[in-house]
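Below is one structure, written out as structure tokens; the observations come after it.
The values are calculated or read from the model by the stated rules, or taken from the named source; none is laboratory data. Bear in mind that the values here come from a model prediction, so they are computed numbers and not experimental data. Ideal geometry is used to build each Cβ from the backbone, glycine not excepted, and the neighbour counts take in all protein chains shown. Surface accessibility is based on the protein's heavy atoms, side chains included, excluding ligands, DNA and RNA. Shrake-Rupley method; radii C 1.70, N 1.55, O 1.52, S 1.80 Å.
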Amino acid sequence: MNVKDLLSLKNKVILVTGGSGNYGKCIVEGLAEADATVITTSRDLSSAEKNAGYFRDKNLDVHAMQADQGDADSVKALKSGIMEKFGRLDGFVNNAVSRPMKGYHAPIDQFEESMQVNATGMMNLLREMTALIVQSGGGSVINIASMMGMFGPDLSNYDGAPGMGDLPPDYFFHNAGLINLNRYMAQMNAGKNIRFNCISPGGLFNNQPEAFVNNYCKKVPLRRMANQDDIKGLVVLLSSDAGAYINGENILMDGGLNA
Ligand SMILES: NC(=O)c1ccc[n+]([C@@H]2O[C@H](COP(=O)([O-])OP(=O)(O)OC[C@H]3O[C@@H](n4cnc5c(N)ncnc54)[C@H](O)[C@@H]3O)[C@@H](O)[C@H]2O)c1
């Protein structure tokens, strides 16, 4: 098959959780530009509608749905809503993240709050959406983790950037867990025509303080942070038939920072 046809996401229905967030918006845009029908979710339906409207104004096929990853009833409603409206699910980008914990010494109940969404809720959502994809005949799951799930923090990045270096432990814990959970899911769903891959991105430029950006970029061989286009090609590849033999993988997308 022609590689352009292999990369096309035409007729594929793909769910992106946290699609109004920083990386979420880039992921939604990339998938829709490759002709997917994209469902973007937020906890707040009006925020998801606003996000979907922004993309529909660009003639992209993006739909909004409400979902709170930490709430099992909400996940159940999302599942039945997808079946009612689209009758199938071909792909899932597991992208939402909750960031309740603010630093090393933050109250430990904030760690538990994080796990409720980023571990327990995430697992529930992942299992339910996997079932929907299998029921639809198969497809692709992409788990968005982080390079912070693969390496410890480099505190020198925060020199001269007050208030930025107190990194929360929950983020390192749940992202590392997700990378191996991805391999688990690939093995547990063997024979069901479903692939699981992880993307571990580096930092996305988001007008962070200049000192941080300078410290960080000096260490990246490409001398820049990730931009809004950088993740698009990977999510399209992994969601499409062009990525049909990539399974159980974790792809570090950090511009060479950790090379
Ligand atoms: N931004 C970066 O530089 C960066 C770097 C590496 C990895 N990542 C990864 O990218 C993914 C997205 O991160 P981001 O920086 O775009 O985050 P973000 O905070 O901009 O967006 C996260 C989204 O998740 C949603 N969310 C939070 N709690 C939720 C819940 N209970 N139910 C449903 N949705 C909920 C938020 O509303 C938001 O839309 C995460 O998996 C993160 O680990 C981000």
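Applying the selection to the stretch 60-115, what residues are of a type in the set (A, V, I, L, M) and in contact with a His (Cβ under 9 Å, 6 or more places away or on another chain)?
If the condition is that a residue be of a type in the set (A, V, I, L, M) and in contact with a His (Cβ under 9 Å, 6 or more places away or on another chain), then 97, 115 are the ones that fit.
Determine the pairs where a residue that is closer than 16 Å to residue 110 by Cβ, located within the stretch 171-187, has a partner that is of a type in the set (Ser, Thr, Tyr) with Cβ atoms under 9 Å apart, the partner being 6 or more residues away or on another chain.
Going by the 9 Å Cβ cut-off, the qualifying pairs are 171/114; 171/146; 172/146; 173/114; 174/114.
Quick one: count up the residues across the stretch 85-105 that are touching a helix residue (DSSP H, G or I) at 6+ places or on another chain (Cβ under 9 Å) and either within 14 Å of the ligand (Cβ to nearest atom) or open to solvent by 60 Å² or more (accessible area, probe 1.4 Å) (or both).
Qualifying residue count, the stretch 85-105: 13.
Just one of (1) open to solvent by less than 30 Å² (accessible area, probe 1.4 Å); (2) in a strand (DSSP E or B) trips up residue 157, so point out which.
With respect to (1) open to solvent by less than 30 Å² (accessible area, probe 1.4 Å); (2) in a strand (DSSP E or B), residue 157 is out only on (2).
Out of 82, 27, which single residue is within 9 Å of the ligand (Cβ to nearest atom), open to solvent by less than 40 Å² (accessible area, probe 1.4 Å) and in a helix (DSSP H, G or I)?
Exactly one of 82, 27 is within 9 Å of the ligand (Cβ to nearest atom), open to solvent by less than 40 Å² (accessible area, probe 1.4 Å) and in a helix (DSSP H, G or I), namely 27.
Can you go through 215, 207 and tell me which one is within 16 Å of the ligand (Cβ to nearest atom), more than 17 Å from the chain's Cα centre (by Cα) and outside any helix (DSSP H, G or I)?
None of the other options fit; the residue is 207.
Here's the yes/no breakdown for (1) part of a helix (DSSP H, G or I); (2) in contact with a strand residue (DSSP E or B) (Cβ under 9 Å, 6 or more places away or on another chain); (3) more than 12 Å from the ligand (Cβ to nearest atom):
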site: 124; (1), (2), (3): yes, no, no
site: 129; (1), (2), (3): yes, yes, yes
site: 134; (1), (2), (3): yes, yes, yes
site: 142; (1), (2), (3): no, yes, no
site: 153; (1), (2), (3): no, no, yes
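Scanning the stretch 30-46 for residues that are open to solvent by less than 40 Å² (accessible area, probe 1.4 Å) and not in a strand (DSSP E or B), which turns out farthest from residue 253 (Cα to Cα)?
Looking at the filtered set, the residue picked out is 36.
Please enumerate the residues belonging to the stretch 106-142 that are polar (S, T, N, Q) and open to solvent by 20 Å² or more (accessible area, probe 1.4 Å).
Passing the criteria: 110, 116, 120, 124, 135, 136.
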